[in-house]
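The structure appears right after this line, and notes come after that.
The values are calculated or read from the model by the stated rules, or taken from the named source; none is laboratory data. Owing to the predicted nature of the structure, the values given are computational and were not obtained by experimental measurement. Heads up, the Cβs are rebuilt from the backbone with ideal geometry, glycines too, and the neighbour counts pull from every protein chain shown. In case anyone asks, the SASA skips ligands and DNA or RNA and just uses the protein heavy atoms, side chains included. Shrake-Rupley method; radii C 1.70, N 1.55, O 1.52, S 1.80 Å.
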Amino acid sequence: MSGGVTVAFQGELGAYSHIAALKFFGTINALPQKTIADVFEVVEASEAKYGVVPFENSLEGSVNETYDMLLETNLHVVGEVKLRIVHCLIAIADATIADIKRVYSHPQALAQCRSYLRAMGWETIPYYDTAGSVKMLKESNIKDAAAIASELAAEIYGMKILQKGIEDFATNYTRFLVIGKEQNPRTGKDKTSIIFTTKHVPGALYMALEEFAKRKINLTMLVSRPTKKTPWEYNFYVDFEGHVSDEPIKHCLEALKDKTVFLKVLGSYPAATDI
């Protein structure tokens, strides 16, 4: 799991962010971090060239910490990875499903397996990371508990998969963003991410989005997050097709400056074509 470019991600080896990094880069020098904020910090400090962070899940929605860190830092979005999430129930070698009384995992993973866990009647205990919960059980040698994590995590820590594919829906995908300091050149198959805050007047969001519509720029995501500065006012995170160097997008962003009170371009990057 070493060699290649240094890439930071949240969680232990075998975390889904680690798998996303491997999918995007191939061989990497893995730099696991405790939190998403830590990933941004080590990339900003040049301890890692890139970071890979979860952005949104097809079942549970936005990963709010990532949204907030994108607002607060000067890093660029330089890529994206879409990963099918297959959750495994993992325990020590001599444990069986009959032994299990409680399950550890990241809150998102627990939520994505909600129906399965409810049917089994087990106690659920949130943990900071999916793979980290596997590592903890391995080190503690706990027989009556299991973890929810990836097949790679079970392999790395020498643990047993009691059941595979326990997520509630097969349409469980997570989109990860790749962050770095450098901006990407145009490829012709790009996507751009921005954040903006509208003026607090009637129709402000409509007037901002009109700039995309009249230039036939296709939006692929629109999400709001509280500004945290003024109650009930929001930042809007928008993804759309194209690169900031494209003429229609240049004109659109210039027009948006007059219709927003805050505008930040997070980056343009090659759009992921597979899920």
Fill in the blank from the handout: Counting only residues 5 or more apart in sequence or on a different chain, those whose built amide H sits under 5 Å from that of Val261 are Thr197, Thr198, Lys199
Exercise for the section: In a Gaussian network model over the chain where Cα atoms closer than 10 Å are linked, find which of Ile90, Ile161, Ile142 has the largest mean-square fluctuation. Expected result: Ile142
Problem - Residue among Ala146, Ile100, Leu75 farthest towards the positive dipole end of region 75-221, charges placed on Cβ - result: Leu75
Exercise for the section: Compute the separation of the alpha-carbon centres of region 208-275 and region 93-151 and state it in Å as a whole number. Expected result: 39
Exercise for the section: Pick out which of His251, His76, His87 has the largest mean-square fluctuation in a Gaussian network model of the chain, springs linking Cα atoms closer than 10 Å. Expected result: His251
Completion exercise
For the chain, the Kirkwood Rh over every pair of distinct alpha carbons, in Å, works out to 19.9
Handout entry: Residue list for region 57-99, given a label point 7 angstrom along the Cα-to-Cβ vector of Lys160 and an amide N cut-off under 16 Å
Key = 89-99
Problem - Trp232, Trp122, ranked by accessible area, largest first (probe 1.4 Å) - result: Trp232, Trp122
Practice task
Please build a GNM for the chain, connecting alpha carbons under 10 Å apart, and tell me which residue among Ala91, Ala45, Ala154 fluctuates the most.
Solution key: Ala45
Problem - Cα centre as origin, Lys/Arg/Asp/Glu Cβ charges: the chain dipole, Debye - result: 360
Exercise for the section: Leaving ligands, DNA and RNA out of it, report the carbon-plus-sulfur percent of the accessible area of the chain at a 1.4 Å probe. Expected result: 53
Handout entry: Share of Cα-Cα pairs in region 1-95 lying beyond 18 Å, as whole percent
Key = 46
Exercise for the section: Just check region 97-213 against the gyration tensor rule for me: Cα atoms, a ≥ b ≥ c as the square roots of the eigenvalues, rounded for a/c under 1.5, and otherwise prolate or oblate depending on whether a/b exceeds b/c. Expected result: prolate
Handout entry: Dipole axis of region 119-275 (+1 Lys, Arg; -1 Asp, Glu on Cβ), positive-most option in Ser224, Val238, Thr198
Key = Thr198
Practice task
Please arrange Arg215, Arg118 by accessible surface area, largest first, computed with a 1.4 Å probe and ligands excluded.
Solution key: Arg118, Arg215
Exercise for the section: May I ask what percent, to the nearest 5, of DSSP beta bridges between residues of the chain are antiparallel? Expected result: 75
Practice task
Would you mind computing, in nm to one decimal, how far apart the modelled labels at Arg186 and Lys143 are, each placed 7 Å from Cα along Cα→Cβ?
Solution key: 6.5
Handout entry: Distance violations [Cα-Cα > 22 Å] among Lys82/Lys264; Lys229/Lys264; Lys216/Lys257; Lys82/Lys228; Lys181/Lys214
Key = Lys82/Lys264; Lys82/Lys228; Lys181/Lys214
Practice task
Treating only the Cβ atoms of Lys and Arg (+1) and Asp and Glu (-1) as charged, compute the dipole magnitude of region 211-275 about its Cα centre; round to the nearest 20 debye.
Solution key: 320
Exercise for the section: Run the numbers on region 1-43 and let me know its relative contact order in percent, using alpha-carbon pairs under 8 Å that are six or more apart. Expected result: 50
Practice task
State to the nearest 20 debye the size of the charge dipole of region 74-223 about its Cα centre, where the only charges are +1 on K and R beta carbons and -1 on D and E beta carbons.
Solution key: 560
